[in-house]
Amino acid sequence: GAAAAAAGAEGAPRTVLELAEMGAQDPDAASHVLADLVHQLARATAAPVLVAVDEADALFGPGTGYHYVGRPLAPDDLLSPHALKQVCTGSLRMANGIVIAAASGSHPIPNDQEPLERVLAGAGAVARAYGPYGAEELAGAVGHYANLARASHAPSNPFLPGDGGQDPEALARYLRVASGGVPRLVARRYLDVAV
């Protein structure tokens with residue numbers, strides 16, 4: 001692929017892992033590497049492959065917030081979103097795998113075209129709607145984020161019940177109400193974790 005060609009014959013990655021590491025180490029090559037990874041994984045037959053795309057509705061939105069020569073860029077104008085959109089719509093078929101594409105519940109992207117569910121259904125997708133995390137799922141997410149190195153301590157908030165947030169169940173109830181049960185908002189707003 002393009003990333004391998006950019007690395008030259010000697011430095012060309014030989015495995016999918018080496019390709020992924022190349023993208024992680026070189027931000028300038030990351031978009032090319034992601035596109036190459038998507039295409040390599042789509043062709044893979046030795047083992048089943050899962051490609052997961054979060055906030056997939058952004059791939060079908062009207063713009064990206066980026067401009068080139070005064071013209072707004074659409075998701076298809078950018079290499080990474082274009083590659084992910086190909087597997088989401090089925091224009092790039094998975095040889096031995098599936099794609100899970102999740103639309104954003106907290107920051108939905110308006111779509112002037114077809115609704116995301118209809119676009120994905122055309123690719124053989126089955127739409128499933130899921131609500132916010134339940135109390136147990138939210139408590140698990142809070143525990144996960146709290147264990148990350150970036151989250152140094154439980155948040156101190158005068159509005160937390162009684163013990164200032166030291167009771168995990170009480171903290172989970174509070175965060176569920178305060179964030180609408182959306183773990184990403186919990187991480188961003190209350191635990192200072194960048195996700």
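Tabulated results
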read-out: Mean Cβ count within 10 Å, highest first, over the residues of peptides 80-89, 36-45; value: 80-89, 36-45
read-out: Environment charge of residue 99, counting only residues whose C-beta is closer than 13 Å and scoring Lys/Arg +1, Asp/Glu -1; value: +1
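Quick note: the coordinates plus some simple rules give every number you see, no bench work behind them. Here the structure is a predicted model, which means the values were calculated and not measured. Please note: Cβ atoms are built from the backbone with ideal geometry, for glycine as well, and neighbour counts cover all protein chains shown.
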